[in-house]
Each structure stands twice: as C-alpha cells, then as structure tokens.
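Peer 1: One structure coming up, written as structure tokens, with questions to follow.
Where a number appears in this text, it was derived from the coordinates with a stated rule and is not lab data. Since the model is a prediction, treat every value here as computed from it, not as a measurement. With ideal geometry, Cβ positions are generated from the backbone for all residues, glycine too; neighbour counts draw on all protein chains shown.
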Amino acid sequence: MKAWDAIIIGGGHNGLVNACYLQRAGLDVLVVEKNDWVGGAATSRELTPGFLYSNCSYVCSLFRPEIMRDLELPRFGLQVISYEGGAVFTRDGDYLANYRDHDAHRREFARFSKRDAEAYDRYSRDVTRQCRFIQPLLMRTAPDPTSFRPRDLGELLYLGKKFAGLSAEQMALTLRFWTMSISEFLDEYFETDVIKANFALSGIIGTALGPRSPGTAYVLLHHYMGEVDGSVGAWGYARGGMGAVTKALAASFKASGGTIRTGAEVDHVLVGRGKAKGVVLAGGEEIYGKLVVSNADVKRTFLKLVEEKELPDIFLRRVRNFKIRGSSGKVNIALDSLPEFPALPKDSPVYRGDMHFTDSMERMERAYDDWKAGRWSADPFLDMVIPTTLDPTMAPPGKHFMSCFVQYAPPKVDGRDWTDADRDGFAESVIAQIAEYSPGFRDRIVHMEVRTPREIEAEVGLTEGNIFQGELTFDQLLFNRPVPGYAQYRSPVGGLYMCGSSTPPGGGVMGAPGRNAAAEILRDLAKSTSHMSPAHDVI
Amino acid sequence: MNHQPTIKPSKARTAAQGHFRTLRLGTPFQPRIDALARTQDWYNWAGYRAPHSLWDEELEYFAIRSQAALFDISPMTKYRVEGPDAEAFLDRVTLRDVTKLKPGRVHYTAWCDDEGFVLDDGTLFRLSPTRFRLCSQERHLPWLLDSAIGFDVAVEEETESIAGLALQGPTSFAVLRDAGFAGVETLKIFDLAEFPHDGGTVTISRTGFTGDLGYELFVPAENALSLWDRLMTAGELRGIRAIGYTALNRARIEAGLIVANADFTTEHAIRADRLRMPDEIGLGFMVDLEKGHFNGRRAILEARARRKLRHVLVGLEIEGNIPAEHAIVYHKKSQEVGLVSAAMWSPMAKRNIAIASLTRPYGDTMVEDLWVEIYAMRELQYQKLMKRAKVVARPFIKLDRRTANPPADF
C-alpha cells in the first residue's frame, strides 16, 4: 500500500500553500478535500450562469507576496487589482468617502471636521508604525517562551530586540494597540462619529466582539498589515474572485507534481502508538502517509478528526476553550445592472470601493448587542463591494456581482440551530438595508447566495463559520495560538501538524500559517527550505 | 441613546462633495499662473497644482536676483490664532519667546513634541496683540488644538481662504511703492503692516525665503487676482516675472534656509529614528530657556546636558562644480557620516554649496577630512566623484540689500 510523504487535510489556501512548499521540497504530497472543488473559504463558484461569486472571502491584501513569488502564482493566473476607496453612507443622505489620493481624503474628512481631517496623518503614522513592527513577524515561527532551545531563545531575543528598539512612547502604543477597544483607540484621534465608524469596521470584521470590546484595536491592525504590491494597507480584488488565489495555488501544486483528491472527506486521522499514520475517508477508505497536516481549524481537527484518547487532557481542554465564535455571514448577489445610490455622485469612485451603511459607533455596538442576545443584527453592519466594477471576468458586461459581508450572525439562533426561515430573515435584513439607500435595488437581483454560520460551517468546514479559525484576540495570538506550547504547528500527536488560520499569525487569506508550517515540517525532516523566501525587508 | 438626528446635512457639506473631481486644486491666483505657464511643469504642493517652472527655471532664478519675482505661496498651511491667551499659548507651543514678538513683527520659529523632536518649522506673524498667523509646511490642527486646552484662544485653519504671494528681488520694494502701497518703505526686515487693497486690506511683511530683498503679501482669497494684477502692472517697468518652485529653491539654498520634509522630517515621520531635535537641524538658536515652560523644553535640556544630540546640520562647500544632491558624506573617504539634503552650484557665490545632516561628532567637533561621493548620471553612466567638502557657515551668500534701510530703489 502506497504511503504518501504527506497528506494535507483540506484544500483551503493554507493547505494548498503548505502542500506546494512540501511538494517543491521533493515530498510526494496528497491534498484531500471534502468538497468537489478546492479553495476552502477562498473560492469563486458559478452558482447562476454567467456570474462568478467570491463565495466567502472577497477582498485580498494579506496574502504574502513572498508566497505568490515562491509558488509562481502569477504564472498560474493570479492577479490582484487595488480598489479605489469606499464610503460610509450616512442617514442624513450624505456619505463619508475614503479616497486613495491623500489630499482628496483630507478634503473629504474636512467636510465633516477640519480637526479630524488633519488628525488622519497622525492616525495613519501611528498605525503604520505598528504595522512595520508586526509585518516582519508574520513569516517567522513564534518562539516558545518556555523553551531553552537555541532557536526559541534566538526568536525571543529577536522579538525582545525589536520591542526594545521602540521608544517608550512606541512601546506604550504597542501594548495599548494589542489590548484596547477600537472605539477607545479611535477616540484618541477623531471627534466625528461617522469618521470613527468608518475606521472601526476593520476592528470588528470577522470577530465576535463589538467596537467597545477590548482587543478590537488589534483586529484593525491585522487588517492593515497587508499590502498590494508594496502599497502597505491597500486592499484589492483578486481577478476572477478569491477563488483565483486557490485556483493558482492548485495549478502550481499540480505543476510541481502534487496530487489533489476532491470529494474526499476525512472521517478521522489514523493514529498508531501516538503517531499519525494517515487518514480514513468518510467512505472508509484508508490512505497512508508519513505525516498528516490539517488545514482544518484546531477544534475540528482535534475534537472531530482525532480520537480523544490520543490527546492530553490539558491540551483537549484548551482546544475546547479556544474561542472560535461564529459572528458573520455572507450574502452574494447577482445583479442585472449596477445599483444606484442617489447619495453618491454618478461618477464617484466609491462604486469601485467598499461601501458601508453603519454611520455611528452606537449602531455598530447595537448590532453586536443583537449577537449577544443570540439573534442576527436587526440593523446589520455590511461590508459591501461590487468587484465587477473593476473585474470584467465575474459577470457579463453591464451585469454585476455584489458581495456583502454581514455582521453579526450568531452561531445559533436563540440557542437553537439556524432554520431556512432564519436564513431568509437574515438575508432580508441585508437587502432591506441596501434598498433603503438604493431605490429599486430588489428589482435588480437575479440570484442570491445566503450563507449564515450554518452554511459556512457545513460547506467550508469552519467551526461556527468563524472566518479566522479563531478570534484574533491577544490571548489567542503569538505563542498562545492556538494552544500554549503548540504554536509551532506541531501537535501532541507525532507526525500530525496544523497549518490553518488557527495557527500563528492567524486568519485572513494570508498563506503565512501554511508556509510557516511547511518550514517547521521540513526542519523536522532535515530538508532544505531554500525554496522559501524569507519575509521581505521592511526598511 | 446616541441616535443621530435625521436632519439634512449642511449645504456647505454637500456642496463640497464634488472635490474628488479636482484632485489638485488651483490657488486663488491660478487663472494668472495658468496663463503664464509655458512649460506646464506642475507638482503637487499640499494638494494644489503648483508650478516647478513657468517658462525657464534658470531665468526664473535670475529674476529673483536681478529684478522682482512673484511666487504663489497660497498652498502653505495657515492657522489663525486669536484670543486673550494667544501670546501665552504660542509661547507654550513654540521654541522662541513670543512675548518678545511685538505686534507688527514676524519671526521664524519651530515647535516640538514632548520628547523635544521638531514637529515643523514656520513663520509666526503677530497681526495684533491678540491675533497671530502661523504658517507651516505640514498640517498640525490636532496638535495645536490639543495644546490650546486651558488657554483662552481660538485656532482656526485658514489655508484656503487666505491667498499668499512672495515678491522677492532687488526691485521688489520699488514695485510695491509704485503699486501705491504708501508707507511700505518704513518696513524693516521682519516688520509687517496692513495696507488698503480693493476695498479690503493686504498684509505685507518684509520677509521671504530667498535671502534677498523681498516681501510676502497675504490677502483674502477673493481679492487675490486684483492684487496680482496690481503688482504685475506696477512691476512691468521693474522686470517683474512670475516664477515656479525650482527657482525659489535655488535662492533658498543660497540663503542657507532649510525646508521641512526635504532637510528634516516633521510630525508625521514614520521611522522614529528620523526625528530631530532643534539643535540637530541648526535651530538650536530658537530655544529660549529664559522663558517659561514650552513643549519639549525638558527633553531638550536633558539632551544638551547628557550630550544625547546625535546629529548636526551644516553648510558644506564642495570642490568642483557638480551639485552633490543626496550624496553620502564620508570621513576620510571611507566612513559614512551623513547625507546631503540639498545642493547646487551657486551663481551668486560661484561655489558648489550643499546642506547636509551629519552624525556627530562629524560636522560638530570633527570637521576635517570630509568628502562627498557624487554619483553623476551622464548618458547612462554614473561618473563617481569623491570630492572634498568643507564645513562653512550659512547663509552661503549675504546680500546687504536684504536688510538695507530704507530699501534700495532700483
């Protein structure tokens, strides 16, 4: 019976990144994916003729350029296009736009507050300083602070040196950034509610916390440390939808000799004498491998795919307590024409950016209150984009694909499972909000895909539909992610590794967990990592 | 509850929506400048479309030194600071002693954060006992407003509503006099006064950025064009020409003056090690330890006492005639000790001059054996030159006509 050098459970972006690096190191690698397509939460599927949806993730910034280059993703079709800005619509019939041009951005803010217009430079300076501190850490394995191995000591020293290199004021800012609420953080810079709401959205996306919850300032930072071709903090569309990322990864993987099996759901990991030996598929088929890497989140991996008796008690308890709460949903809409927003001038670049309707911190926090009560938000927070304003490949000419990321959506409704009626009610809350700002919106809808945490968990496999495979709060970051002592992609089971967003540096379509896990695996196998670029310099 | 009222936005706010269609604004003088812009050579000055040159950058420079040159300074950031505590507030924010700045006077100053790092430099105009105008390169409204807490003072940004012109050069006085600004001859260097213009007033100060005889004029935006026309008409026989920034920049280098974000970084620098204390960029003379507390005082004192000042800004004279712009400065041709931030061949001094930031003690106590490495690109090849540099005093040129009283009539 064939034994693969490595079996990757799950063909999401991190699983594929991991597979690519291992295959290119000379291993014989198999990716098993339960769906009939690869991509995990980075997919583009045609659910109605002529329209491609970015079904889950919908914009790109965090994906590491070093990985794109190493794995030759442009050659396999990946193109990322920066988008143009965005806006928050205000209930008084106006809007607050974000423009790429620095002076236009300032003038736009000055429409609301001259002070805030000039405060933006300070805000942006402080956030950029923090991003420059964190960015180089993304592609390094977090040190184990309890270990005395030279590598861990070296990494701890590196962290310490970086931190010591900061001025006292910078250190204070770093600690505050990692622990404060986004609301309090923004209060230090801005006075205008809608301007705060405009920035706060990056602090709550994908997170079961409100803007006033401590820890949300870091979530904002997490969304700022990406880039589009060197433009740090910029976001873009993957041409052809986010599936283009995983499509390119799969093509790169196959071109280097890798094997993918779709429609192959793993039932459990085969473990013998404390060591992973392969996987058993849902149909009972056994596949053997010298090592197994799970792209699934830490809960799914260790509470569903590995038998409890193989795991230490404390580890299990920590996995159970790992916060991976469902907080968001997705509504993907095919439109037969571009929606109009009377508040926006017809030639506004905002159509080609991300749009929001939550114009105050209070509304944002109220939306979270509904989540706490076990309901989807009556007045939800939407991150809405129309990628087809820049990407001609996703819909026929003149027609459009609209992606709405929706928050908050609880993992269970009033303590019970989601029903189809709940799902429809959730969708209606979204459509109603858009229609309020865009007359005739309903008439343009050709088709709609509605994904509550129920659908996301069922189709993508993310526990509770949490898009980050675990909250990005400070207690679950660095060497604590996902479980203290297991932040270096290894697990209590020999030969079983983790490579999903549950591991450092965390979620988003970043690829860094998959890459870093591959580096650790190759180290264990005493194989070269010379095909893996180190993080680009931050100068 | 914090529900926002569902009132309509103000007319001014919605009227301003369309700004995204004009990313580079014209200044109030734009119609006149556009008409003279033969080179169409523009750059972005703080969101405004400003000319690098208008017809010939070299001849524009000579207009400054030989006749009168008109340069649009409207994009400069301007704050109006007014109130019973305006003097005390500015004394607390800036380095120099504002109580010594009499109404009708201007001084060049700078301001620091609590760590003693320079946030920006600028000119402070005292228009009356309780009213000031602060002009700067960067924007600092939050800093100024936060600093104003506890003072009875209003700080208002007025960049767009006030237009500004620099009229510089030997005939600038004659132009103003011929334009009918009676009494302008009484202005000594750094004096200012108000003069009637077009039903309103224009503030004229004997200041400038060229090291030459010159004036700066501030006027409400709506009176800008008539002021331009008044000067151009009066100056016709005095050789008045409009100029762009390249010419002005040459004049300011000769005058040894530094520019924010070109020779030193400001409030919004991202790399913390790029920040500079006043003593590190040649502005130590502004620091007034006799006056009361001001932002950065403690840190500056400590840095001086503990010799923590790491940099020094100097004037260099470099052998040869190839400008050393952005060249690296070496000690003994081998050890890197600094960077040239501005450089040119000076037509007035007939010397190759530069402004450079060096790491102490070089440029401070060690001034011997300094060199600059010039990479001169000539037809797709770098001509690498190692040239000797001598630390010299700034300004590189000193023109008696700048300060002569009464100003000379040409």
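Peer 1: Given +1 on the Cβ of Lys and Arg, -1 on the Cβ of Asp and Glu, and no further charges, what dipole in debye does the range B:272-392 carry about its Cα centre, rounded to the nearest 20?
Peer 2: 220 debye
Peer 1: Now for a separate question. Need one value for A:115-124: mean number of C-beta atoms belonging to other chains within 10 Å of its residues' C-beta atoms.
Peer 2: Numbers: counts 7, 2, 4, 10, 6, 3, 8, 6, 1, 2.
Taking the mean over all residues of the peptide, I get 5.
Peer 1: Separate question: Kirkwood hydrodynamic radius (Cα pairs, Å) of the range B:77-157?
Peer 2: Roughly 12.3 Å, rounded to one decimal.
Peer 1: Pull up the cross-link candidates among the lysines for B:LYS387, meaning alpha carbon to alpha carbon under 26 Å and not fewer than 8 places away within one chain.
Peer 2: The qualifying lysines are B:LYS332, B:LYS333, B:LYS350, B:LYS398.
Peer 1: Specify, per residue and in Å³, the volume enclosed by the convex hull of the alpha carbon atoms belonging to the range B:9-54.
Peer 2: So the per-residue Cα hull volume is 82 Å³.
Peer 1: Sort A:27-39, A:148-160 by packing, meaning the average of other beta carbons within 10 Å per residue, with the highest value first.
Peer 2: A:27-39, A:148-160
Peer 1: Mind checking Rg over Rh on the range B:306-371, alpha carbons, Kirkwood formula for Rh?
Peer 2: 0.99
Peer 1: Grab the DSSP H runs of chain A that are 4 residues or longer, score each as -39,500 (n - 2.57), total them, divide by all residues and round the 222 nm result to the nearest 500 deg cm²/dmol. Don't jump to the answer; show the numbers that get you there.
Peer 2: On the way: 16 runs with 179 residues, N = 539.
Value at 222 nm, helices only: -10000 deg cm²/dmol.
Peer 1: Report the antiparallel proportion of the DSSP beta bridges in chain A as a percent, rounded to a multiple of 5.
Peer 2: 70 percent
Peer 1: Shifting gears a bit: For A:LYS299, go through the aspartates and glutamates and keep the ones whose alpha-carbon is under 15 Å away, minus same-chain ones fewer than eight residues off.
Peer 2: Cross-link targets: A:ASP267, A:GLU307, A:GLU308, A:GLU310, A:ASP313, A:GLU457, A:GLU464, A:GLU471.
Peer 1: Please list, in chain and number order, the residues 5+ apart from A:VAL446 or on another chain whose amide H is under 5 Å from its amide H, with Hs placed from the backbone.
Peer 2: A:ALA334, A:LEU335, A:ASP336
Peer 1: Please report, to one decimal in angstroms, the Kirkwood hydrodynamic radius of the protein assembly as shown built from all distinct Cα-Cα pairs.
Peer 2: 31.2 Å
Peer 1: Over the range A:412-528, what lengths in whole Å, largest first, do the semi-axes of the equivalent ellipsoid take, defined as the square roots of 5 times the eigenvalues of the alpha-carbon gyration tensor? Numbers along the way, then the final one.
Peer 2: Values: eigenvalues 306, 50, 34 Å².
Over the Cα atoms of the range A:412-528, the semi-axes work out to 39, 16, 13 Å.
Peer 1: Considering every residue in B:15-24, what mean count of other chain Cβ atoms within 10 Å of its Cβ is obtained? List each step's numbers first, then the result.
Peer 2: Working: counts 1, 5, 9, 3, 9, 13, 5, 2, 7, 3.
Average per residue, whole number: 6.
Peer 1: Using a cut-off of 17 Å between alpha-carbon atoms, which lysines can reach B:LYS11, once sequence neighbours fewer than 8 places away in the same chain are excluded?
Peer 2: In chain and number order, the partners are A:LYS114.
Peer 1: Students often get this wrong, so check it: of A:LYS247/A:LYS412; A:LYS254/A:LYS275; A:LYS2/A:LYS275; A:LYS196/B:LYS78, which have C-alpha atoms separated by over 21 Å?
Peer 2: Distance filter (> 21 Å) returns A:LYS247/A:LYS412; A:LYS254/A:LYS275; A:LYS196/B:LYS78.
Peer 1: Here is a further query. Using θ = phi - 60° and the Karplus curve 6.51 cos²θ - 1.76 cosθ + 1.60, what whole-Hz ³J(HN,Hα) does each residue of the range B:246-255 get, with Gly and Pro shown as x?
Peer 2: So the Karplus estimates, Gly and Pro as x, are 4, 5, 4, 4, 4, 5, 6, 5, 4, 6 Hz.
Peer 1: I've got another one for you. How big is the gap, in Å, between the Cα center of the range A:126-173 and the Cα center of the range B:296-320?
Peer 2: One Cα centre to the other: 31 Å.
Peer 1: Now for a different question. Take B:HIS197, A:HIS447, A:HIS13 and order them by how many other Cβ atoms sit within 10 Å, fewest up front. Intermediate values should be presented prior to the final figure.
Peer 2: Values: B:HIS197 20, A:HIS447 16, A:HIS13 31.
Least crowded to most crowded, the residues run A:HIS447, B:HIS197, A:HIS13.
Peer 1: Also: Which shape class, rounded, prolate or oblate, goes with the range A:363-460 when its Cα gyration tensor gives a ≥ b ≥ c as root eigenvalues, a/c under 1.5 marks rounded, and past that a/b bigger than b/c marks prolate?
Peer 2: On the way: a/c = 2.16, a/b = 1.65, b/c = 1.31.
Judged from the Cα gyration tensor, the range A:363-460 comes out prolate (a/c at least 1.5, a/b above b/c).
Peer 1: Give me the compactness ratio for the range B:111-192, meaning the Cα radius of gyration over 2.2 N^0.38 Å.
Peer 2: Compactness ratio reported: 1.41.
Peer 1: If the only charges are +1 at each Lys and Arg Cβ and -1 at each Asp and Glu Cβ, what is the size of the charge dipole of the protein assembly as shown around the Cα centre, to the nearest 20 debye?
Peer 2: So the dipole magnitude of the protein assembly as shown works out to roughly 2180 debye.
Peer 1: If you don't mind, another one. On average, how much area does the Cα convex hull of chain A cover when viewed from any direction, in nm²?
Peer 2: 23.8 nm²
Peer 1: What number do you get for chain B when its Cα radius of gyration is normalised by 2.2 N^0.38 Å, N = residues? Could you put the intermediate results ahead of the total?
Peer 2: Working: Rg = 22.3 Å, N = 410, 2.2 N^0.38 = 21.6 Å.
This ratio for chain B stands at 1.03.
Peer 1: Taking other Cβ within 10 Å of each residue's Cβ, how do A:CYS20, A:CYS404 sort, fewest first?
Peer 2: In increasing order of surrounding Cβ atoms, one gets A:CYS404, A:CYS20.
Peer 1: Right, next: Under a 5 Å amide H to amide H cut-off, with H placed in plane at 1.01 Å, what residues pair with A:TRP418 once short-range neighbours are removed?
Peer 2: Residues meeting the criterion, in which the H sits 1.01 Å from N, are A:VAL413.
Peer 1: If a/c stays under 1.5 just call it rounded; otherwise compare a/b with b/c (prolate if a/b is bigger, oblate if not). Do that for the range B:259-410, with a ≥ b ≥ c from the square roots of the Cα gyration tensor eigenvalues.
Peer 2: It comes out oblate by the Cα gyration axes.
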